[in-house]
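Read-outs throughout are calculated quantities, based only on the coordinates presented, and are distinct from any laboratory measurement. The model shown is predicted, which means the values in this text are computed figures rather than measured ones. FYI the Cβ positions are ideal-geometry reconstructions off the backbone, even for glycines, and counts take in every protein chain you see.
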Amino acid sequence: MATAPFPPVIQQSPSQHSSYYNTTYPSSLLSCLPKCTSLKELKQIQAFTIKTHLQNDLQILTKLINSCTQNPTTASMDYAHQLFEAIPQPDIVLFNSMFRGYSRSNAPLKAISLFIKALNYNLLPDDYTFPSLLKACVVAKAFQQGKQLHCLAIKLGLNENPYVCPTLINMYAGSNDVDGAQRVFDEILEPCVVSYNAIITGYARSSRPNEALSLFRQLQARKLKPNDVTVLSVLSSCALLGALDLGKWIHEYVKKNGLDKYVKVNTALIDMYAKCGSLDGAISVFESMSLRDTQAWSAMIVAYAMHGQGQDVMSMFEEMARANVQPDEITFLGLLYACSHTGLVDEGFRYFYSMSEVYGIIPGIKHYGCMVDLLGRAGLLHEAYKFIDELPIKPTPILWRTLLSSCSSHGNLELAKQVMNQILELDDSHGGDYVILSNLCARAGKWEDVDTLRKLMIHKGAVKIPGCSSIEVDNVVHEFFSGDGVHYVSTALHRALDELVKELKSVGYVPDTSLVVHPDMEDEEKEITLRYHSEKLAISFGLLNTPPGTTIRVVKNLRVCGDCHSAAKLISSLIDREIILRDVQRFHHFKDGKCSCGDYW
DNA sequence: CTAGGGTTAG
């Protein structure tokens, strides 16, 4: 009887097994506790301990608290706190359990303040203490405390502990200090997969995919086995870089090692294929999945949206509803994004309103951003201005920036100036804004304004992000910057590019020098500036280094420039190569002299 | 009582 498992409380009503409580020994109570999940059950058990005078049994109380902190809610943590407070001299194990609960229930500050109490009790933190607390520091953005914990871990000789070390790395990475994370990582003699995962994830999330991938190669060289988490971060790095070949290799690895049973891995694969320009790859992963959660559907919806397939986005959304999967805020971002990129204003507003009214999802700043883009793209510039002006939350400079680029594409200089004033009040350090407005002024021939803006930009110390395009050849990602002369093949590459431009001109290409805003530059100089744009460098690098007939895939960090866009169209027909260019906001598939965006972007 | 995670407007 004493060893009999406690009955499964969940299925029975309390009255049925209250007699059982009375005949049970504490040991079976102990073994049943971890299986009890609901607060109601736990309270029943506590009531039982009072009846049997076991309410002060430390072992039982510890188990009770552990049950509360396993999958904690605010209520179960309050209850755990009550139990905890009644214990006269809690040990570090009990504190650890509380830390776990608080950090898992999104109450990081409570974890941190409880830790101070533990220190006041003269308790020494152990290897179980640090992971929960470091996580709490990340959530609470308490980086000072995080660093103090790091020092403490060093003092206690726990900084290289296999459980502590990854969380230390993660704490720095989560504080936007990947270099700090790298320093922790460098100090480990024999990093395990988990430590590699932490640092790779840190780089991937800080948009430093190259470093992430080189650590991934290091991991492989050390004969460590990548797991599902490794694969997630590596795939997101591939997606950032547009490294399709590596992504495909990872996909093979995933299949070979049975990692495709993880829904998250498949979702990351969908995203990777979509962002590397292979919508077909994304679709085939999606269709291979036996189980699809909200995130998987969202990733597929966003994939269609990115590739400008608005109709597929809508039908996917309907199919998702038929499959009884609830949409989330990201699903709606995909929907709104698709509407704005396909010019479906009414449809967009319908989804926007249904979000909160039907699905109870409160629109966030990114949803508002889509709506501004939706109106702006459609040329409803004043409506967009009014929309931002009447928002229930304070607009970010990004929202105004969205409208600024709509003003630019619709050539509305007057409104652009007003929008620029709004931006400058919030953030005057963004070089791109000055460039957009100054280009608009230049097109209107207002050279004094161009000059004033340039001076203002220099005065504010605003810098424009340099254009950068990358292309993957033989598993190596090559990056090119506008006017790049430092790449190791630059001379051969420049000669090839000069040759290419000559050929293009023979079939009617006229460099659009009006895009180079510089009153003092000669036309010839402008043409050279235009010729060495990063996207042209990357495309001609691809032409030189990949077999004839294969698709060229280029990724650019900014919007594609108009001249490069028309050049790419001509190249696709002249050399009979498909070019897929991913710019900062969408895909351009160049084929037979045409682009999938229909020249509207 | 231990860690690491994918999808997010412009």
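If I go through the stretch A:386-435 residue by residue, how many of them are closer than 20 Å to A:LYS455 by Cβ, in a loop (DSSP other than H, G, I, E, B) and within 14 Å of DNA strand B (Cβ to nearest atom)? Counting residues in the stretch A:386-435 that are closer than 20 Å to A:LYS455 by Cβ, in a loop (DSSP other than H, G, I, E, B) and within 14 Å of DNA strand B (Cβ to nearest atom) gives 2.
On the stretch given as the stretch A:211-227, residues that are more than 6 Å from DNA strand B (Cβ to nearest atom) and either polar (S, T, N, Q) or part of a helix (DSSP H, G or I) (or both) total 11. Quick one: in the stretch A:53-71, which of the residues that are closer than 12 Å to A:SER38 by Cα and surrounded by 22 or more Cβ atoms within 10 Å (Cβ to Cβ) is nearest to DNA strand B (Cβ to nearest atom)? Among residues in the stretch A:53-71 that are closer than 12 Å to A:SER38 by Cα and surrounded by 22 or more Cβ atoms within 10 Å (Cβ to Cβ), the one nearest to DNA strand B (Cβ to nearest atom) is A:THR69. One residue stands out among those in the stretch A:167-189 that are within 13 Å of DNA strand B (Cβ to nearest atom) and under 19 Å from A:LYS223 (Cα atoms): the one that is surrounded by the most Cβ atoms within 10 Å (Cβ to Cβ), which is A:PHE185. I'd like to check something: does the stretch A:366-385 contain any residue that is within 13 Å of DNA strand B (Cβ to nearest atom), under 29 Å from A:ARG292 (Cα atoms), out of contact with any strand residue (DSSP E or B) (no Cβ under 6 Å at 6 or more places or on another chain) and assigned to a loop (DSSP other than H, G, I, E, B)? No, because not a single residue in the stretch A:366-385 is within 13 Å of DNA strand B (Cβ to nearest atom), under 29 Å from A:ARG292 (Cα atoms), out of contact with any strand residue (DSSP E or B) (no Cβ under 6 Å at 6 or more places or on another chain) and assigned to a loop (DSSP other than H, G, I, E, B). Restricted to the stretch A:339-353, and to residues there that are within 13 Å of DNA strand B (Cβ to nearest atom) and closer than 15 Å to A:SER315 by Cα, the residue that is surrounded by the most Cβ atoms within 10 Å (Cβ to Cβ) is A:CYS339. For the stretch A:190-210, the candidate set comprises residues that are crowded, with 18+ Cβ neighbours inside 10 Å and more than 10 Å from DNA strand B (Cβ to nearest atom); within that set, the residue that is nearest to A:ILE154 (Cα to Cα) is A:PRO191.
In a helix (DSSP H, G or I) and touching a helix residue (DSSP H, G or I) at 6+ places or on another chain (Cβ under 9 Å), is that true of A:ALA321? Spell out the reasoning first.
On the way: in a helix (DSSP H, G or I): yes; touching a helix residue (DSSP H, G or I) at 6+ places or on another chain (Cβ under 9 Å): no.
So A:ALA321 does not fit the description; no.
Of all residue pairs spaced 6 or more apart or on separate chains, none has beta-carbon atoms under 7 Å together with a first member in the stretch A:457-470 that is more than 16 Å from A:LEU437 (Cα to Cα) and a second member that is exposed (fewer than 11 other Cβ atoms within 10 Å of the Cβ) and among the small types (Gly, Ala, Ser). Could you tell me which of the residues A:ARG577, A:ARG586, A:ARG553 is surrounded by 14 or more Cβ atoms within 10 Å (Cβ to Cβ) and within 15 Å of DNA strand B (Cβ to nearest atom)? The match here is A:ARG586.
Of the set (1) outside any helix (DSSP H, G or I); (2) of a type in the set (Gly, Ala, Ser); (3) surrounded by 15 or more Cβ atoms within 10 Å (Cβ to Cβ), all apply to A:SER237 but (1). Taken together, the residues in the stretch A:543-560 that are within 28 Å of the chain's Cα centre (by Cα) and either part of a helix (DSSP H, G or I) or farther than 15 Å from A:LEU497 by Cβ (or both) amount to 8.
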